[in-house]
Amino acid sequence: MLYAILGDIHSNLEAFRAVITDAEAMGGFDQIWCLGDIVGYGPDPCACIELLRRHDHICVAGNHDWASIERVDVSEFNLAAAEACLWTSKQLSLDDVDFLSNLPEVVSQNDFTLVHGSPHKPLWEYVLSTDVAKQNFAYFDTNYCLVGHSHVPQIYAYNESLDECHSIELSDGYSFKLAEQRLILNPGGVGQPRDGNPKASYMIYDSDAGTASLHRINYDVFKTQAKMTKHNLPDLLIERLAHGY
Ligand code: ZN
């Protein structure tokens, strides 16, 4: 089976479409594993939910997904994120609200645990250091854990006998074999990359071969930005897409 592993779509339909088109051109996929934050920040929340639902998928809840339906409060959001969240909540249909509210916080699937932030704190914690990653290996039972939230593509590998953790930054085309070593994997962000590279980021996992690979895809950033301008979304959120931060 082939899985498209992705997260943090953030209402960026152009980026999400580009990822799906690329994954289909590279041999297709049987299922999408989505790590949350389908909505928030960008201009197309409803269309992104619809596009995800058109495919066989498993999806966990992100902080923006639940903030936009007022299931969690936005007090931890910065001003621009809160403003975009309020705008998003006004766009959602009742069906969208129902879909987002039914997303689970944690899913275990085969050898993988899927969460948005971290297995310890699924909605809010960022795994961005080896210290935080190391602590988190105690909070899931499967060999691998998939996280999003930071929008940075990387792997944390845990050496059980040495009780050590190290990180690997993932660049476009990076391909690797999944072995016995426990890993926390982040496919990067589809709709708002934050590693200095504006290209949409996602992973393909081939369960038969036991391999995974990271992919970075160009999409029409200007088109997304123009839609955001039209909807009066915050300038900061519009500008950052061009720079990947
Ligand atoms: Zn996010």
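The values are calculated or read from the model by the stated rules, or taken from the named source; none is laboratory data. Note that the structure is predicted; figures quoted are calculated from it, not measured. Neighbour counts are summed over all protein chains in view; Cβ atoms, including those assigned to glycine, are modelled from backbone coordinates with ideal geometry. We work out accessible area using only protein heavy atoms, side chains counted, and drop any ligands, DNA or RNA first. Shrake-Rupley method; radii C 1.70, N 1.55, O 1.52, S 1.80 Å.
Can you tell which of Thr229, Pro187, Ile38 lies farthest toward the positive end of the dipole of the chain, using +1 and -1 charges on the Cβ of basic and acidic side chains (Lys, Arg; Asp, Glu)? Result: Thr229.
Give me the Å³ per residue figure for the convex hull around the C-alpha atoms of segment 125-182.
On the way: hull volume 5.1 nm³, N = 58.
Expressed per residue, the convex hull around the Cα atoms of segment 125-182 is 88 Å³.
With all protein chains kept in place, the per residue accessible area of segment 13-144 amounts to 44 square angstrom at a probe of 1.4 angstrom.
Across the chain, the relative contact order, built from alpha-carbon pairs under 8 Å that are at least six residues apart, equals 23 percent. With pairing defined as another cysteine C-beta under 4.7 Å, the cysteines of the chain that fail it are Cys46, Cys48, Cys85, Cys145, Cys165. Summing Cβ point charges (Lys, Arg +1; Asp, Glu -1) relative to the Cα centre of the chain gives a dipole of roughly 540 debye. Comparing His116, Ala67, Asn136 along the charge dipole axis of the chain, the residue lying farthest to the positive side is Ala67, per the Cβ-charge model. For segment 2-240, the share of accessible area belonging to carbon and sulfur comes to 47 percent (1.4 Å probe, ligands and nucleic acids excluded).
Taking a ≥ b ≥ c as the square roots of the eigenvalues of the Cα gyration tensor of segment 152-212, is the shape rounded (a/c under 1.5), prolate (a/b larger than b/c) or oblate? Here segment 152-212 falls in the oblate category. What nm value, rounded to one decimal, do you get for the distance between Glu180 and Asp141 when each label is placed 7 Å out toward the C-beta? Roughly 2.1 nm, to one decimal.
Within a Cβ distance under 15 Å of Ala138, other residues only, what is the Lys/Arg minus Asp/Glu net charge? Provide the component values of the computation, followed by the final result.
Details: positive: Lys121, Lys134, Arg182; negative: Glu125, Asp131, Asp141, Glu160, Asp163, Glu164.
The answer is -3.
With the helix formula -39500 (n - 2.57) applied to DSSP H stretches of n ≥ 4, the chain reaches a computed 222 nm mean residue ellipticity of -8500 deg cm²/dmol.
Within segment 1-128, the proportion of Cα pairs with more than 19 Å between them is 46 percent.
Please sort by residue number the GluC sites (Glu not before Pro) in segment 167-245 whose DSSP state is loop and whose Cβ has at most 12 other Cβ atoms within 10 Å.
Working: sites: Glu169, Glu180, Glu239; in loops: Glu180.
Passing sites in segment 167-245 are Glu180.
Among Ala212, Ala138, Ala23, the largest mean-square fluctuation in a Gaussian network model of the chain, built with springs joining Cα atoms closer than 10 Å, belongs to Ala138.
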